[in-house]
């Protein structure tokens, strides 16, 4: 990554790691939920937040893998506060159960990191009969965020500390279908494209964050919502595409980020003081950048919000 590691205005670059961008930041007293924390950049995000003193709730589908990761983190960082809770984003019932279980504990919630995702899958439907990439990457996180908002608002109000919602999107949002979000064809198998559907779901992540930011500003709520591109990374995200997966593993170490670099922008947006008060923005390589025109469409964001609300009712 050396060829592309020129530092931006933040002082960080594509080569910066999650530990580097959070160096010197004390997260003691903060509580974070990280979805998809049992693999890839989710694991590294959880580890680095724990390293900075944050109480991390790992929201994972595979509890055995989650417990193994927790054990490794606590072994490396004595005193780390890490818990594992089950969450299957393809199931609204699971999302509701997770939120109910979390809220019933009376814990504060300062940071919600919507990280989990799948990419370019064959056409499949979720447990709620929604195209699985849209269900996992957007709808599951949309519902989770909605169910945790009251707790986040209460925490921000009582602690006088800014809450932050971080949606891990992707520059893959530029691969979305021509119309952006196919509201009338979400489950249409005949026109399905694995990458088009992935782009659609990642576009939805940005639009979701932008609409949240707008609503928070109007209500004068001390919570920010931002989205980000973590970079092209060697993880198991490409597992559904054998050619792409093979290429990534063959040349990845030369041109792609490792997980330490891949989790950097998430940790930067979640923790860094430079991001205080910034909301409704899109980040890449720990710097502000621009998403495409569809992602900045206010009307499309509101239409997606209403559409998503109807789906989760």
Seminar exercise, completed: With criteria (1) crowded, with 16+ Cβ neighbours inside 10 Å; (2) assigned to a helix (DSSP H, G or I), residue 90 comes up short on (2)
For this session: From the list 110, 114, 62, pick out the single residue that is surrounded by fewer than 21 Cβ atoms within 10 Å (Cβ to Cβ) and modelled with pLDDT of 95 or more.
Result: 62
Seminar exercise, completed: For region 220-242, the count of residues that are out of contact with any strand residue (DSSP E or B) (no Cβ under 9 Å at 6 or more places or on another chain) and modelled with pLDDT under 95 equals 8
Exercise. Among the candidates 133, 105, which residue alone is out of contact with any strand residue (DSSP E or B) (no Cβ under 8 Å at 6 or more places or on another chain) and either in contact (Cβ under 8 Å) with a residue 12 or more places away in the chain or more than 30 Å from residue 54 (Cβ to Cβ) (or both)?
Worked result: 133
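Listed here are the residues, each with its yes/no results for (1) assigned to a loop (DSSP other than H, G, I, E, B); (2) under 30 Å from residue 30 (Cα atoms).
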site	(1), (2)
136	no, yes
141	no, yes
152	no, yes
172	no, no
186	yes, no
189	yes, no
Problem set entry | Check on residue 122, over 19 Å from residue 228 (Cα atoms), in contact with a strand residue (DSSP E or B) (Cβ under 8 Å, 6 or more places away or on another chain) and either modelled with pLDDT of 95 or more or surrounded by fewer than 22 Cβ atoms within 10 Å (Cβ to Cβ) (or both) | no
For this session: For residue 280, indicate whether it is at pLDDT 95 or above, closer than 17 Å to residue 15 by Cβ and buried (at least 17 other Cβ atoms within 10 Å of the Cβ).
Result: no
Problem set entry | Count of region 251-263 residues which are surrounded by 23 or more Cβ atoms within 10 Å (Cβ to Cβ) and out of contact with any strand residue (DSSP E or B) (no Cβ under 8 Å at 6 or more places or on another chain) | 1
Seminar exercise, completed: Inside region 34-79, the number of residues satisfying the requirement of being in a helix (DSSP H, G or I), over 13 Å from the mean Cα position of the chain (by Cα) and under 13 Å from residue 112 (Cβ atoms) is 1
Exercise. Which one is farthest from residue 151 (Cα to Cα), of the residues in region 1-32 that are in a helix (DSSP H, G or I) and modelled with pLDDT of 95 or more?
Worked result: 20
Exercise. Would you say residue 140 is over 18 Å from residue 32 (Cα atoms), touching a helix residue (DSSP H, G or I) at 6+ places or on another chain (Cβ under 6 Å) and modelled with pLDDT of 95 or more?
Worked result: no
For this session: Look at residue 183 and say whether it is under 23 Å from residue 302 (Cβ atoms), surrounded by fewer than 17 Cβ atoms within 10 Å (Cβ to Cβ) and touching a helix residue (DSSP H, G or I) at 6+ places or on another chain (Cβ under 6 Å).
Result: yes
Exercise. When you scan region 287-305, how many residues do you find that are closer than 30 Å to residue 273 by Cβ and in contact with a strand residue (DSSP E or B) (Cβ under 9 Å, 6 or more places away or on another chain)?
Worked result: 6
Problem set entry | Subset of region 75-87 [in contact (Cβ under 8 Å) with a residue 12 or more places away in the chain, surrounded by fewer than 21 Cβ atoms within 10 Å (Cβ to Cβ) and within 30 Å of residue 158 (Cα to Cα)] | 77, 80, 81, 83, 85, 86
Exercise. When both residues are 6+ apart or on different chains and their Cβ atoms are under 8 Å apart, which pairs have a first residue that lies in region 192-211 and is at negative phi and free of Cβ contacts under 8 Å to residues at least 40 places away in the same chain, and a second that is surrounded by fewer than 24 Cβ atoms within 10 Å (Cβ to Cβ) and not in a loop (DSSP other than H, G, I, E, B)?
Worked result: 193/177; 196/175; 196/177; 199/172; 199/174; 199/175; 199/177
Exercise. From the residues in region 10-28 that are free of Cβ contacts under 8 Å to residues at least 24 places away in the same chain and under 16 Å from residue 54 (Cα atoms), which one is surrounded by the fewest Cβ atoms within 10 Å (Cβ to Cβ)?
Worked result: 24
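The values are calculated or read from the model by the stated rules, or taken from the named source; none is laboratory data. Predicted model only: the values in this text are computed from it and were never measured. All Cβ positions, even for glycine, are placed from backbone atoms using ideal geometry, and neighbour counts span all protein chains on display.
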